[in-house]
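For reference, the structure discussed in these notes is given below.
The values are calculated or read from the model by the stated rules, or taken from the named source; none is laboratory data. What you are looking at is a predicted structure, and each value in this text was computed from that prediction instead of being measured. Every residue, glycine among them, receives a Cβ derived from its backbone with ideal geometry; neighbour counts consider all protein chains shown. Side chains are part of the model used for accessible areas, which takes the heavy atoms of the whole protein and leaves out ligands, DNA and RNA. Shrake-Rupley method; radii C 1.70, N 1.55, O 1.52, S 1.80 Å.
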Amino acid sequence: MDLTAPTNSHRLAVAVETPQYSGLGDPLDYLSERPLTPGTLVRVPLGRRQVLGIVWMPVVAPVGSTRTEPSDGASATPDRPGLRPIIEALDAAAPLPLPWLKLAEFAAGYYQRGCGELALSVLPPELRRLDAAGLAQRLRRLDKRLVRDSTETTQDDADRVPAPTAEQLAALAALEQEAASPEPRPVLLHGVTGSGKTEVYLRATQQALERARQALVLVPEINLTPQLLSRFEARFPAHRIVALHSGLTPVQRLHHWLMALQGHAHIVLGTRMAVFVPLPRLGLVVVDEEHDPSYKQQEGARYSARDLAVYRGHLERVPVVLGSATPSLESWERARQGRYHHVVMADRMGGATLPQVRLFDMGLLTREKHGHPALLAPPVLQALQECLQRGEQSLLFLNRRGYAPVLHCADCGWKSGCPHCSAWRVFHKRERTLRCHHCGLAERVPRACPQCGNLDIAPLGRGTERLEEQLGELLPVARIGRIDADTARGKGQLESRLAQVHEGEVDVLVGTQMVTKGHDFRRITLVVALNPDAALFASDFRAPERLFALLMQAAGRAGRDAATGLRSQMWVQTWHPTHPLYAALKRHDFEAFAQGQLQERQGAGLPPFSHLALLRAEARDVVVATAFLRAAAEAGVGLDDDAGVVVYPPVPPALARVAGIERMQMLVECASRARLQRWLSAWLPRLHVLRAAHKGLARWAIDVDPQAI
């Protein structure tokens, strides 16, 4: 429909994607020849471009009122000065639901981004390329496919559903209690690994489907999607289930998104981006592994999908399940205060037991000829050999891919640093390359030291590739497999390697954190964690929490079969065996660990007992980034009487330079979330002004509730 020459025009507010630096955060005003429902997709002029927009609110003022229009939307028509007409409405699709608009508006305000910037950034990119005719054509194809698929579906097979345990029934009762409440609280499902949390998700989804509602299930990483998707497809073959994550093609992502919007998808399973999927009949939200830091977006609008899932449940009055064996300390504290309904599942299914955790003091090991500690402690190697003799599987966890983290020249001290980043280039032996895992720079391994010409340059440290090679020498008869970002890079590679493990074609699995969570390896009875100590003394206050969760998840891969569970074990090779974190790990005692961490954080005034924001700045010259942050600190003086806000001096992050760009950050702290939000909202316009005065600044952004500082 062509709306370029409106007659009886209606004034509409339309959210369009304007960059943060423009300062145009609010929806812009346009004209339409007819009223459009809020949430309708439209194409509108913006400067010299035609862009996708969302009708953001109904008519709030008559055309010709005195409301001031932003200059970006100003191109006068003869009878309506300053307002431009929309080009066309893409109303073949259902409008975005009102709760979706409220969620996007809340997220934009809370994370200090423009409303249009956030709302448009979470739509499928392919949608921007379509006009009204193109969208209508896609929807017709979708309808034909749905008609064809509906003739091929079968009934859900209740015979294959296992009998629930007492703990699962208690969890479902808690969910029903909250679902019946006018203000349902989130349910924190604290279940040990192997306790059957997924079965609770499946049964809760069944209850939602029986009420003709839709279910949204979030997972932290793409590699967890196929396994969980197969579980849901097996349980609900008669229902339409779609996935949403960045691994889909643009067309697939648009197709799945439209199925959800039109109400055709009964279950949506996806990563953090799926928290914004429009669902007109939402009845349940599940956040699996709710503690995982991957739920926090690190670019653009830095939102937390977990926190927005909780807010979405509040908006739409639907139950939210937060599942984890190691809940985040923020969720744990809210449960302790009664704000979340806390449900504990302490037993593994089928009589399986948690593995025995054993520590080995690496200080007792003799060193190899180059001064490095031996790969495996004697009792750990013996445990591996015994596991191999019994025909059982082992998992060795080392959270560092590549052959070695750095190449080193013993003569002059040269190391394989990245010229563009404050990081080492990792040695990948099979590819014979040095690759930076931050900017992607890859070069062939030099034949000699670039600094002194020494031919004897050697790998320093150990990555999963080197670990795989050395295990082959120690266990020559073992079938060794490796799963990390290098071996699972291509399409289908991860699924293929996981299938080999499940089918018993691998005796010893070497992997990074990719294999430590969510996978149901029935044959693994031994887990070995190598070199986990670095996080114990990191500057980031959340590092111990992440390490404990990672090790608990890794331990949870062992002993999941009752027949072998009693002899399952986890070995941790550590230089600090007396650390309290390891004492709690040996007992599988998350509560003791959480209590100790919360006491430390309360004494230091750290989250969840305070609220943080980071102002990040990037520039080619670190002086420019630092000057911007210092000027920003001065601009914050006196705002809202400071509201108890503390602004700390600028410091570099742990990774201070990436791809030639210097990075600096400044921490903002306040005891009150509401006061911090008011202060940030008042500060933001001043930052836009400052940005114009610092010409060498590449980027800046506010990160609310940062996950790493």
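Open to solvent by less than 20 Å² (accessible area, probe 1.4 Å), under 24 Å from Ile222 (Cβ atoms) and part of a helix (DSSP H, G or I): which single residue out of Leu547, Leu581 fits that description?
Leu547
Determine whether the range 448-461 contains at least one residue that is under 30 Å from Pro378 (Cβ atoms), of a type in the set (Gly, Ala, Ser) and surrounded by fewer than 16 Cβ atoms within 10 Å (Cβ to Cβ).
yes
Within the range 378-408, count every residue that is farther than 30 Å from Pro446 by Cα and part of a loop (DSSP other than H, G, I, E, B).
3
Hey, does the range 77-97 have a residue that's modelled with pLDDT of 95 or more, under 28 Å from Ser681 (Cα atoms) and open to solvent by 20 Å² or more (accessible area, probe 1.4 Å)?
yes
Would you confirm whether or not the range 334-354 contains a residue that is within 21 Å of the chain's Cα centre (by Cα), open to solvent by less than 60 Å² (accessible area, probe 1.4 Å) and of a type in the set (A, V, I, L, M)?
no
How many residues are within 30 Å of the chain's Cα centre (by Cα) and farther than 21 Å from Glu289 by Cα if we restrict to the range 552-568?
1
Can you tell me which of (1) open to solvent by 40 Å² or more (accessible area, probe 1.4 Å); (2) over 20 Å from Arg542 (Cα atoms) is the one Pro652 doesn't meet?
Every condition holds for Pro652 apart from (2).
When you go through Leu172, Leu188, Leu146, Leu216 one by one, which is the residue that is buried (at least 16 other Cβ atoms within 10 Å of the Cβ) and part of a helix (DSSP H, G or I)?
Leu172
What single numbered condition from (1) open to solvent by less than 20 Å² (accessible area, probe 1.4 Å); (2) farther than 25 Å from Glu465 by Cα; (3) out of contact with any Lys or Arg (no Cβ under 7 Å at 6 or more places or on another chain) fails to hold for Leu376?
Unmet for Leu376, out of (1) open to solvent by less than 20 Å² (accessible area, probe 1.4 Å); (2) farther than 25 Å from Glu465 by Cα; (3) out of contact with any Lys or Arg (no Cβ under 7 Å at 6 or more places or on another chain): (2).
Within the bounds of the range 238-247, is there any residue that is more than 25 Å from Leu101 (Cβ to Cβ) and part of a strand (DSSP E or B)?
yes
Give me the residue from the range 421-447 that is open to solvent by 40 Å² or more (accessible area, probe 1.4 Å) and basic (Lys, Arg) and, out of that set, farthest from Gly511 (Cα to Cα).
Arg447
With respect to Gly247, is the statement that it is open to solvent by less than 30 Å² (accessible area, probe 1.4 Å), closer than 27 Å to Thr516 by Cβ and within 21 Å of the chain's Cα centre (by Cα) true?
No: the conditions fail for Gly247.
Just the residues that are in a strand (DSSP E or B) and surrounded by fewer than 18 Cβ atoms within 10 Å (Cβ to Cβ), please, taken from the range 409-420.
Lys415, Gly417
Could you tell me whether the range 292-301 includes any residue that is assigned to a helix (DSSP H, G or I), acidic (Asp, Glu) and either farther than 15 Å from Pro220 by Cα or at pLDDT 95 or above (or both)?
No, every residue in the range 292-301 fails to be assigned to a helix (DSSP H, G or I), acidic (Asp, Glu) and either farther than 15 Å from Pro220 by Cα or at pLDDT 95 or above (or both).
Give the number of residues within the range 563-578 that are open to solvent by 50 Å² or more (accessible area, probe 1.4 Å) and under 27 Å from Arg522 (Cβ atoms). Before the answer, list the steps.
At the first step, the residues of the range 563-578 found to be open to solvent by 50 Å² or more (accessible area, probe 1.4 Å) are 563, 566-567, 575-576, 578.
Checking the rest, the ones that are also under 27 Å from Arg522 (Cβ atoms) come to 563, 566-567.
Residues meeting the conditions: 3.
Which condition from (1) surrounded by fewer than 14 Cβ atoms within 10 Å (Cβ to Cβ); (2) in contact (Cβ under 8 Å) with a residue 60 or more places away in the chain is the one that Leu530 breaks?
Evaluating Leu530 over (1) surrounded by fewer than 14 Cβ atoms within 10 Å (Cβ to Cβ); (2) in contact (Cβ under 8 Å) with a residue 60 or more places away in the chain leaves (1) as the failure.
Could you list, ordered by first residue, the pairs with Cβ atoms under 9 Å in which the first is in the range 185-196 and under 17 Å from Leu329 (Cα atoms) and in contact (Cβ under 8 Å) with a residue 60 or more places away in the chain and the second is part of a loop (DSSP other than H, G, I, E, B) and of a type in the set (S, T, N, Q), at least 6 apart or interchain?
The qualifying pairs are His190/Thr326.
Let's see how each residue does on (1) in contact (Cβ under 8 Å) with a residue 24 or more places away in the chain; (2) on the phi < 0 side of the Ramachandran plot; (3) assigned to a loop (DSSP other than H, G, I, E, B):
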residue: Trp257; (1), (2), (3): yes, yes, no
residue: Gly263; (1), (2), (3): yes, no, yes
residue: Val268; (1), (2), (3): yes, yes, no
residue: Val275; (1), (2), (3): yes, yes, no
residue: Gly283; (1), (2), (3): yes, yes, no
residue: Glu290; (1), (2), (3): yes, yes, yes
residue: Arg306; (1), (2), (3): yes, yes, no
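Matching residues to (1) open to solvent by less than 60 Å² (accessible area, probe 1.4 Å); (2) of a type in the set (Gly, Ala, Ser); (3) in contact with a Ser or Thr (Cβ under 8 Å, 6 or more places away or on another chain); (4) within 26 Å of Gln337 (Cα to Cα):
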| position | (1), (2), (3), (4) |
| --- | --- |
| Thr626 | yes, no, no, no |
| Gly636 | yes, yes, no, no |
| Tyr648 | no, no, no, no |
| Trp679 | yes, no, no, no |
| Leu697 | yes, no, no, no |
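Of Arg587, Arg657, Arg601, which residue is open to solvent by less than 30 Å² (accessible area, probe 1.4 Å), among the charged types (D, E, K, R) and either in contact with a His (Cβ under 9 Å, 6 or more places away or on another chain) or within 23 Å of Ser324 (Cα to Cα) (or both)?
Of the residues listed, the single one that is open to solvent by less than 30 Å² (accessible area, probe 1.4 Å), among the charged types (D, E, K, R) and either in contact with a His (Cβ under 9 Å, 6 or more places away or on another chain) or within 23 Å of Ser324 (Cα to Cα) (or both) is Arg601.
Got a number for residues in the range 477-495 being under 22 Å from Tyr403 (Cα atoms) and without any contact (Cβ under 8 Å) to a residue 24 or more places away in the chain? Spell out how you get there, then give the answer.
Applying the first criterion (under 22 Å from Tyr403 (Cα atoms)) to the range 477-495 yields 477-490, 493-494.
Narrowing further to those that are without any contact (Cβ under 8 Å) to a residue 24 or more places away in the chain: 487, 489-490, 493.
Going through the range 477-495 one residue at a time, the tally reaches 4.
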